[in-house]
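Heads up, the thing below is written out as structure tokens.
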Amino acid sequence: MKLSLFTLLLFSFFGYAQYSTSAIVLDSADNSPLEFVGIYNSKDHTMTNADGRFQFTSTIDSVVIYRPGYQTIKASFNHLKDTIFLEKSILELDEVVVTNQKSILQEVYESLNSNYSSEPYKEKFMLRAINKYNGEMHRIEDITGKLSIKNMFKDDSTKESKKDFLVELTNMRKLGLKNDAKDIYLIFPSLKSIYNSLTDIKITESKYDISENEFNNGENIKVEFSKLSDSTEITGYYILETNNLAITEFKCEILNKLGHFNTNKSALYRTNYTKQHVFFKKDRNKNLYHVTSGSIDFNVIITDKEKSYQANHSLNLVLMTSDNFGKFQVTKNANVTKDLFKLDYPYNPNYWDVQNQLLLTDEMTAFIEKVQDPQNDFKVSSNLKN
């Protein structure tokens, strides 16, 4: 049977129909922008940036808006507004201090191998690095690529080979000032150390005060930990699924109040603040959990031997993953132990002009325009073309 031209055009229209939306996601309690909100359906995904903004395009007319600790929104594209408010999940107030011989965290760690992949796997990723000097934008870098890794969690008892952690870069844009006002360069962590830091989620329970709360009608548990002293404050929490004790979120903040300075040539430096925040999600096909997004923050105080000045360098690293447990090829083209900002890869405007995985913030856009202005005399390291 022959199909009419109208029918063929109709099939063609529906076959290539696309839905698109852009919006900002806010906390309904205080109207603050929410970062790391997942926007996805069964085919496509994206995530909100530090401004809480996202752009999402898909051929499927369905959108899920999800962030652990908040109520999930499921809607079609035309039901989404320009501003989306998420409400926090209600915590039950019956706090229980863990005092049993075998703590809940010991059970969580013992279940890692059953809840997370202990076999080699692959995923795609986007990584963003933002360096600020005394509160002002100093360097930015966005990288996309493919990752092949032997184990999700680092095992100190097993010797790693060069083939256990492979990265193939696929896109990069980087722009920043080479040195700060005191001619000092802040070293960025490597791809491997970033991933290892995000998956370093174990604490020594005996050294912390630990408590737990059930919430979300008993489906989740929040385990909080803290360790306070005159020199250091460490606080954080785990979000667990009650039925299998799988970790879906981990956050840890460390404040060093009385740290000693380290020496590097003519400069003194010390890290006074670090934060690690990572989210895990269950893969429907593998029935295993994986890193879906995360961030690392740290602040470094820098001075000279005479302590005649004090400067602050901050670094924010944001990671999001996709195509987890994929079967694609990964061809190594990057040194995974090298300073992230020292990596080189060509800039592809055709990709960056249309990508919506992680939008530029307003601050980043203003910085790019400022540094690329030919009237400004900056010593710049960049792969962008004016």
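The values are calculated or read from the model by the stated rules, or taken from the named source; none is laboratory data. None of the values given here were measured: they were computed from a predicted structure. Neighbour counts run over all protein chains shown; Cβ positions are idealised from the backbone, glycine included. Keep in mind that these areas ignore ligands, DNA and RNA; they rest on the heavy atoms of the full protein, side chains included. Shrake-Rupley method; radii C 1.70, N 1.55, O 1.52, S 1.80 Å.
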Seminar exercise, completed: Subset of the stretch 306-328, residues exposed (fewer than 13 other Cβ atoms within 10 Å of the Cβ) and in contact (Cβ under 8 Å) with a residue 12 or more places away in the chain, comes to Lys307, Tyr309, Lys327, Phe328
Problem set entry | Positions within the stretch 56-87 being open to solvent by 60 Å² or more (accessible area, probe 1.4 Å) and either assigned to a loop (DSSP other than H, G, I, E, B) or within 26 Å of Thr248 (Cα to Cα) (or both), in sequence order | Asp61, Tyr66, Gln71, Thr72, Lys74, Lys81, Asp82, Phe85, Glu87
Exercise. Of the conditions (1) open to solvent by less than 30 Å² (accessible area, probe 1.4 Å); (2) over 27 Å from Ser114 (Cβ atoms); (3) under 19 Å from the mean Cα position of the chain (by Cα); (4) of a type outside the set (S, T, N, Q), Gly176 fails just one. Which one is it?
Worked result: (3)
For this session: Would you check which residues across the stretch 122-156 are open to solvent by less than 10 Å² (accessible area, probe 1.4 Å) and over 18 Å from the mean Cα position of the chain (by Cα) and list them?
Result: His138
Problem set entry | Flag if Asn272 is modelled with pLDDT under 95 and either among the charged types (D, E, K, R) or closer than 20 Å to Pro189 by Cα (or both) | yes
For this session: Mind listing just one residue for me: the one in the stretch 350-370 that is assigned to a helix (DSSP H, G or I), touching a residue at least 24 places away in the same chain (Cβ under 8 Å) and under 11 Å from Asn171 (Cβ atoms) and, of those, least open to solvent (accessible area, probe 1.4 Å)?
Result: Trp352
Problem set entry | In the stretch 157-170, residue modelled with the lowest pLDDT [restricted to those that are open to solvent by 20 Å² or more (accessible area, probe 1.4 Å) and outside any helix (DSSP H, G or I)] | Ser157
Exercise. Quick one: is Arg53 open to solvent by 80 Å² or more (accessible area, probe 1.4 Å), modelled with pLDDT of 85 or more, under 17 Å from the mean Cα position of the chain (by Cα) and among the charged types (D, E, K, R)?
Worked result: yes
For this session: Looking only at the stretch 332-349, decide whether some residue is within 30 Å of Tyr116 (Cβ to Cβ), in a loop (DSSP other than H, G, I, E, B), acidic (Asp, Glu) and modelled with pLDDT of 90 or more.
Result: yes
